[in-house]
Amino acid sequence: MTAPIFLDGLTKFYGPIRGIEDLDLEIRQGEVFGFLGPNGAGKSTTISTILDFIRPTRGTATVLGLDSRRDSVAIHGKIGYLPGELAMYEKMTGRELLGYLSALRGVDTSRQVASLAERFDLDLDRRIRGYSSGNRQKVGLVQAFMHRPELLILDEPTNGLDPIVQQEFYALLREVSAEGRTVFLSSHILPEVERITDRAAIIRRGRLMVVAEIEELKRQAQHRLEMTFVSPADPEVFRALETVRSVAAVDRTITVTVAGSVDPVVKAAAAFEVENIVSHDGDLESAFLSYYSEDDDAE
Amino acid sequence: MLSSVYREALWSRRGSLLLYVIGMGLLVGITVGVYPTVREGADTFTQLLESMPQGLMSMFGSSDAAELLTPAGFVNSRVNASIGAIVLTVFAISLGTAAIAGEEDRRTMDLILATPTPRRAIVLSRFAAMASMIGVVAFAILVVMVVANPIVDLGFSLPNMIASNFMLALLALVFGSLALAVGGLTGKRGVTLGVASGVTVATFFINGLAELVDWLQGPQELTPFYWLQRANPLSKGLTIEDTLIMLAVTVVFVALAVWGFERRDVAV
Ligand SMILES: Nc1ncnc2c1ncn2[C@@H]1O[C@H](COP(=O)(O)OP(=O)(O)OP(=O)(O)O)[C@@H](O)[C@H]1O
Ligand SMILES: [Mg+2]
């Protein structure tokens with residue numbers, strides 16, 4: 001079985017500026033794959049290169065067994081794409097836009113469009129200009145899913161969606177994946193990727209830092225625990241623990257960063273009288289600090 | 001696929017197409033409508049024209065006062081040699097710019113490119129839509145001329161009127177295709193508009209001023225305005241040579257647009 005997406009040394013420089021460099025990656029059929037990275041990491045650059053909007057400086061991308069450059073038109077017929085910065089024809093109504101894009105695909109999508117619009121609670125008869133940003137995003141999602149593509153490439157799909165619609169979107173992803181179709185989505189929100197993907201890659205400054213199962217990433221992820229005690233506790237107790245990376249004590253509050261299990265920390269804290277414990281899952285930046293800092297010397 | 005892009009390009013421009021049809025129709029209608037007055041006051045107008053500098057007169061498509069006052073000379077001076085040609089060219093440039101560079105400027109190109117639509121098909125469909133819309137406006141002018149011809153007693157033959165508007169449309173198409181080419185090559189809306197309008201204005205004045213300025217006579221031969229002026233289709237009918245030149249230039253520009261757009265990164 002050919003991989004839905006296979007990147008071999010994929011590299012894109014914008015003049016002297018590195019977009020992405022030497023990306024090697026293989027996506028598996030039927031998985032929901034998360035592509036994680038902070039702003040400017042190269043997520044959109046990767047997607048644009050895979051879809052042949054921009055051309056690689058070197059390296060190749062193979063999509064559904066087809067070459068991204070030579071067979072781009074055939075590839076486009078098999079994929080659904082949601083742009084990261086979604087711009088649409090402002091004067092069209094949602095329905096007109098979806099009709100136009102369906103015509104370009106040469107498929108009748110009316111049933112899918114109706115059912116997706118209902119799921120997302122989207123009124124298709126308004127002009128794009130008049131849509132709120134969440135509703136624009138819904139139109140973007142509908143056009144990506146409406147022709148039931150075997151591969152979905154979604155650039156920050158939950159941008160602007162309210163929590164209810166997000167849940168609906170997550171459910172849709174599970175269905176797609178259960179049907180054996182593949183999803184490649186980018187995000188900079190760690191908890192989201194943890195929830196909805198099977199595997200993830202972390203990209204930073206154009207380089208792939210790690211590709212792993214979500215469970216594996218979770219084990220390695222750093223948490224920050226903010227513990228407030230009734231009377232000041234001894235920070236050295238925590239510093240001695242194996243999974244603790246750093247400890248800071250201010251008044252009665254001790255903040256520790258933990259890579260891996262928080263269990264020993266909580267057990268150690270129990271020796272003191274605890275007033276409150278706050279756990280910060282952390283954004284991508286802090287959660288994957290270990291990957292991030294490795295790269296800094298390489299600049 | 002191709003026809004969807006074509007139809008959308010037409011449909012999304014229906015408003016401005018209607019405005020250009022009305023505007024150009026009025027321009028030609030008024031030009032023809034005032035001609036009887038010109039004919040009656042021919043002596044006065046001849047004196048007036050002869051007191052004008054040569055260069056100014058040649059801007060109207062002829063440096064011969066007597067010819068300028070004939071029906072063909074008069075209508076030609078307003079429609080093919082000055083304001084009419086410029087207005088239609090402006091329309092063509094706006095279409096040629098919107099076709100690629102304008103769409104990239106609005107960042108919507110990735111929506112179409114993500115469908116199985118070859119880049120070449122986008123360029124060719126939008127070129128076809130541009131040519132169709134220019135054709136519609138030229139046809140509207142033709143209708144006004146055909147209707148006014150017997151009323152005002154202009155004495156134009158039908159083939160000459162058809163030839164005149166066909167060649168006027170070709171002139172606009174040359175500049176529209178230039179905009180398409182620059183857009184295909186660069187994808188930058190500002191550059192495209194700047195280059196296309198700059199070339200239009202420059203070639204217009206080179207052609208107009210060549211009468212006065214000797215060293216412009218070489219470059220004049222390269223301006224589309226000159227090709228249309230020397231063809232003088234309202235008097236002489238279709239000139240194969242000038243028609244072919246304008247068609248050939250258009251084909252080169254469209255080929256450049258396809259080549260440029262296919263080979264480069266698209267702004268998304
Ligand atoms: N057209 C361009 N010209 C020059 N540099 C660019 C261009 N597009 C992207 N870059 C640079 O390439 C790098 C990667 O950008 P990219 O848009 O791929 O990041 P991203 O991961 O999608 O970020 P975000 O989360 O903000 O969407 C950045 O340094 C960016 O400045
Ligand atoms: Mg991005």
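The values are calculated or read from the model by the stated rules, or taken from the named source; none is laboratory data. Small disclaimer: the values here were computed from a predicted structure and weren't measured. Here the Cβ positions follow ideal geometry from the backbone for every residue, glycine too, while neighbour counts run over all protein chains shown.
Worth pointing out:
- Residue A:49 of a type in the set (Val, Ile, Thr) and either within 21 Å of residue A:142 (Cα to Cα) or more than 14 Å from ligand 1 (Cβ to nearest atom) (or both): no
- Annotation note: of A:87, A:103, the sole residue that is modelled with pLDDT of 95 or more and farther than 17 Å from residue A:53 by Cβ is A:103.
- Test: residue B:166 is in a helix (DSSP H, G or I), surrounded by fewer than 24 Cβ atoms within 10 Å (Cβ to Cβ) and at pLDDT 95 or above: yes
- Lone unmet requirement of (1) out of contact with any helix residue (DSSP H, G or I) (no Cβ under 6 Å at 6 or more places or on another chain); (2) more than 14 Å from chain B (Cβ to nearest Cβ) for residue A:37: (1)
- Taking the stretch A:59-94 as the range and being more than 8 Å from every other protein chain (Cβ to nearest Cβ), surrounded by fewer than 19 Cβ atoms within 10 Å (Cβ to Cβ) and more than 16 Å from ligand 1 (Cβ to nearest atom) as the test, the residues that pass are A:60, A:65, A:66, A:67, A:69, A:70, A:71, A:78, A:90.
- Of the residues making up the stretch A:7-18, none is within 11 Å of ligand 2 (Cβ to nearest atom), closer than 26 Å to residue B:112 by Cα and in a strand (DSSP E or B).
- Some residue of the stretch A:23-32 being charged (D, E, K, R) and either within 16 Å of ligand 2 (Cβ to nearest atom) or within 13 Å of another protein chain (Cβ to nearest Cβ) (or both): no
- Per the conditions (1) touching a helix residue (DSSP H, G or I) at 6+ places or on another chain (Cβ under 7 Å); (2) at pLDDT below 95, the sole criterion not satisfied by residue B:34 is (1).
- Checked against the criterion of being over 30 Å from residue A:63 (Cβ atoms), free of Cβ contacts under 8 Å to residues at least 60 places away in the same chain, more than 14 Å from every other protein chain (Cβ to nearest Cβ) and within 15 Å of the chain's Cα centre (by Cα), the stretch B:170-189 has no qualifying residue.
- Verdict on residue A:17 being within 14 Å of chain B (Cβ to nearest Cβ) and within 7 Å of ligand 1 (Cβ to nearest atom): yes
- Unique match (being more than 16 Å from ligand 1 (Cβ to nearest atom) and over 17 Å from the mean Cα position of the chain (by Cα)) among A:168, A:179, A:213: A:179
- Of the listed requirements (1) hydrophobic (A, V, I, L, M, F, W, C); (2) more than 14 Å from ligand 2 (Cβ to nearest atom); (3) over 24 Å from residue A:192 (Cα atoms), residue A:53 misses just one: (2).
- Exactly one residue out of B:114, B:66 is more than 14 Å from chain A (Cβ to nearest Cβ) and either in contact with a helix residue (DSSP H, G or I) (Cβ under 9 Å, 6 or more places away or on another chain) or within 30 Å of residue A:74 (Cα to Cα) (or both), and it is B:66.
- The set of residues in the stretch B:84-114 being surrounded by 24 or more Cβ atoms within 10 Å (Cβ to Cβ) and outside any helix (DSSP H, G or I) consists of B:114 alone.
- Listed by position, the strands (runs of 3 or more DSSP E) contained in the stretch A:179-278 that have at least 1 residues being touching a strand residue (DSSP E or B) at 6+ places or on another chain (Cβ under 7 Å) and surrounded by fewer than 17 Cβ atoms within 10 Å (Cβ to Cβ) are A:207-213, A:222-229, A:244-250, A:253-259.
- Listed by position, the helices (runs of 4 or more DSSP H) enclosed by the stretch B:191-268 that each have at least 3 residues that are within 14 Å of chain A (Cβ to nearest Cβ) and touching a residue at least 40 places away in the same chain (Cβ under 8 Å) are B:240-263.
- Index of the failed condition, residue A:140 passing every other in (1) more than 14 Å from chain B (Cβ to nearest Cβ); (2) within 16 Å of ligand 2 (Cβ to nearest atom); (3) in a helix (DSSP H, G or I): (1)
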